[in-house]
Ligand code: HEC
């Protein structure tokens, strides 16, 4: 029978050599409070945007409200980043803004959300998180699905059902737009948050 120390020592040595980073394959635990902070932001940032978007849709219709999504959404994400210290962004498997292309971690999360929704999970409840190594730094990453709601299809629904002014404006601003053809309930994208630990 082997002495337990023969297991513990190499593991300890590896830990010390790695400068206290978790050994490869061992997911580091999220620091206390990180998940709660991420969930808070994921609840407030899209809700605030929805308020501004709904107001503008009522005031100037979908073609006029395109500016809200174009200017206000990134602005509100930046403001939330500055306030909270979290990196905040939106991305999608079928992005409209060229900057909305998901990285590998984001793509994985979005594909899992789609699979979970297809298996019957409520899209609005889907979230995931993980501590990952990014260039030698441990980073807590969080994703929350953004389901397509009825009002979203005015700008993200099938092209033939968009109003003419919306279609023209989207085409002019986003010639490589891939973010149409959605039905209510489908996952439009996700809010992604990250912060070094
Ligand atoms: C008034 C038109 C309009 C409405 C309504 C709208 N969007 Fe968008 N959406 C846009 C535009 C324009 C962009 C590109 C923004 C940019 O340039 O950053 C966008 C981008 C996004 C993105 C970022 C990823 C990407 O594709 O570039 C997500 C996620 C998103 N919208 C989700 C939603 C959801 C969910 C709703 C409903 C709650 C919604 N949108 C309603 C116009 C709209």
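Throughout, read-outs are computed from the coordinates displayed, never taken from laboratory work. This structure is a prediction, so every number in the text was calculated from the model and none was measured. Backbone-built Cβ (ideal geometry, glycine too); neighbour counts: all protein chains shown.
Applying Stokes-Einstein at 10 °C and 1.306 mPa s to the Kirkwood radius of the chain, computed over alpha-carbon pairs, gives a translational diffusion coefficient of 85 µm² s⁻¹. The slack between residue 172 and residue 48, meaning 0.36 nm per residue of separation minus the straight C-alpha distance, is 41.9 nm. Among 86, 105, a tally of other beta-carbon atoms within 10 Å of each Cβ gives an order, fewest to most, of 105, 86.
Size descriptors for the stretch 88-197, from the alpha-carbon set: Rg then Dmax equal 15.2, 49 Å.
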